[in-house]
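Some notes on the structure that comes next.
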Amino acid sequence: MKTDDSGMTLVEVLVALVVLSIGVLALTGSSAMINRMIGRGRVETHAALLAAGQMEKLRQAAASTVPRCASPGFASGGPRVEDGLLQSWTVAPTGKVRRVRVTVSYLTIRGQRSAVLETGVEC
């Protein structure tokens, strides 16, 4: 007698379903991780932009007076909350080149993180 072996057995179908299920679960887990990474990157970028904006305001305040750095706007300040992010900045009180440090803090699932921008402003 001749048998017809052209179909798939039930065991082969079950093995294929298990392999496919493992692949789908792996893709689901990695997509959740990618979404978290994108969200964290968005917050970190926003914090860095706020820090850069505050630094630019301080530079403009330093250059707005003669002699330089005499503006009341060129001073330490904060904390100030903007878009849910906490900003603070420190300006060295004296010196030919004053150290300026802007810190923007934000909360994540793993605790508080900060974006820090530091430079020197010539007076």
Based on what the data block shows, is S21 modelled with pLDDT of 90 or more, touching a Gly at 6+ places or on another chain (Cβ under 9 Å) and more than 24 Å from R113 (Cα to Cα)? no
Do we find that R42 is of a type in the set (K, R) and in a loop (DSSP other than H, G, I, E, B) in this structure? no
Starting from segment 60-76, keep only residues that are in contact (Cβ under 8 Å) with a residue 60 or more places away in the chain and on the phi < 0 side of the Ramachandran plot, then list their pairs with residues that are basic (K, R) and surrounded by 13 or more Cβ atoms within 10 Å (Cβ to Cβ) whose Cβ atoms are within a distance under 7 Å, requiring at least 6 positions of separation or different chains. A62/R68
Restricting the search to segment 88-100, which residues are part of a strand (DSSP E or B) and within 15 Å of A61 (Cβ to Cβ)? W89, T90, V91, R98, V100
Do the conditions hold for Q112, that is, is it modelled with pLDDT of 90 or more and surrounded by 10 or more Cβ atoms within 10 Å (Cβ to Cβ)? no
Name the residues in segment 80-112 that are touching a Ser or Thr at 6+ places or on another chain (Cβ under 8 Å) and free of Cβ contacts under 8 Å to residues at least 12 places away in the same chain, would you? R80, Q112
For segment 11-27, state whether one or more residues are without any contact (Cβ under 8 Å) to a residue 12 or more places away in the chain, β-branched (V, I, T) and not in a helix (DSSP H, G or I). no
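The values are calculated or read from the model by the stated rules, or taken from the named source; none is laboratory data. Since we're looking at a predicted model, the values are computed, not measured. Every residue, glycine among them, receives a Cβ derived from its backbone with ideal geometry; neighbour counts consider all protein chains shown.
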